[in-house]
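Visitor: There's a structure below that I have some questions on.
No value in this document is a laboratory result; all are computed from the given coordinates. All of these numbers come straight from a predicted model, not from anything done at the bench. Cβ coordinates were reconstructed from backbone atoms using ideal geometry, including for glycine residues, and neighbour counts include every protein chain displayed.
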Amino acid sequence: IKNISFDILLQFIENEDQNIVIESLKTGLNAKQPKIISACIDIFSNILKNFGPLAVPYKSFIEDTVKSLEHGDKSVRDSAKNLIIELYKWLKDGIKIYISDIKPVQLKEFEEEFKNVCNEKPTITRQIGGMKVQQINCQISNNNEIEKIQDEIVQSIDSYQL
């Protein structure tokens, strides 16, 4: 059920207004139940994996995510950690501005994780507005051109501009 609900939210973001979903998820970050907070953070992670930081305003939830690193529940902390690592894949050193105030032990853990994922290139799998990546891929016959375009999109993201 969790995966189906994630997919429904991703479809809603893709075809409708992402701001409505993000605002609703932000209210879930203030819930009392750790399962709800963890699920909301996981959905933010999935949104970033699928759409990238240019299509989704990550600044609106990054501060709440950093606060979740100090939550009493381990699943919430792990979800927040995974989201910050996903943001690092897209923003590289630009994420360090947001996590500069966390505990030194956590910061050291993040530095180690960042070293593990520093060579990973994230790819956009969905686009907002209903324009599917598969349609673009069908128009481009050469696989090298597809990889080149995806690399250009990822490289065009300036983490400090975001």
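Visitor: Would you be able to say whether some residue in the stretch 78-86 is surrounded by fewer than 18 Cβ atoms within 10 Å (Cβ to Cβ) and more than 24 Å from Ile20 (Cα to Cα)?
Guide: Looking for residues that are surrounded by fewer than 18 Cβ atoms within 10 Å (Cβ to Cβ) and more than 24 Å from Ile20 (Cα to Cα), one finds at least one in the stretch 78-86, hence yes.
Visitor: Considering only residues that are part of a loop (DSSP other than H, G, I, E, B) and more than 12 Å from the chain's Cα centre (by Cα), which ones fall in the stretch 85-125?
Guide: Within the stretch 85-125, Tyr98, Ile99, Ser100, Asp101, Ile102, Lys103, Cys118, Asn119, Glu120, Lys121, Thr125 qualify.
Visitor: Still on this structure: Tell me which residues, restricted to the stretch 1-53, are among the hydroxyl-bearing types (Ser, Thr, Tyr) and in contact (Cβ under 8 Å) with a residue 60 or more places away in the chain.
Guide: none
Visitor: For the stretch 40-53, give me each residue that is assigned to a helix (DSSP H, G or I) and not aromatic (Phe, Trp, Tyr).
Guide: Cys40, Ile41, Asp42, Ile43, Ser45, Asn46, Ile47, Leu48, Lys49, Asn50
Visitor: Criterion first (closer than 26 Å to Phe114 by Cα and either surrounded by 15 or more Cβ atoms within 10 Å (Cβ to Cβ) or of a type in the set (Gly, Ala, Ser) (or both)) does Leu9 satisfy it?
Guide: no
Visitor: Any residue at all in the stretch 54-75 that is touching a residue at least 40 places away in the same chain (Cβ under 8 Å), of a type in the set (Ser, Thr, Tyr), buried (at least 21 other Cβ atoms within 10 Å of the Cβ) and part of a helix (DSSP H, G or I)?
Guide: The answer is no; no qualifying residue exists.
Visitor: Taking Lys35 as meeting all but one of (1) in contact with a helix residue (DSSP H, G or I) (Cβ under 6 Å, 6 or more places away or on another chain); (2) assigned to a helix (DSSP H, G or I); (3) loosely packed, with under 14 Cβ neighbours inside 10 Å, write down the number of the exception.
Guide: The failed condition is (1).
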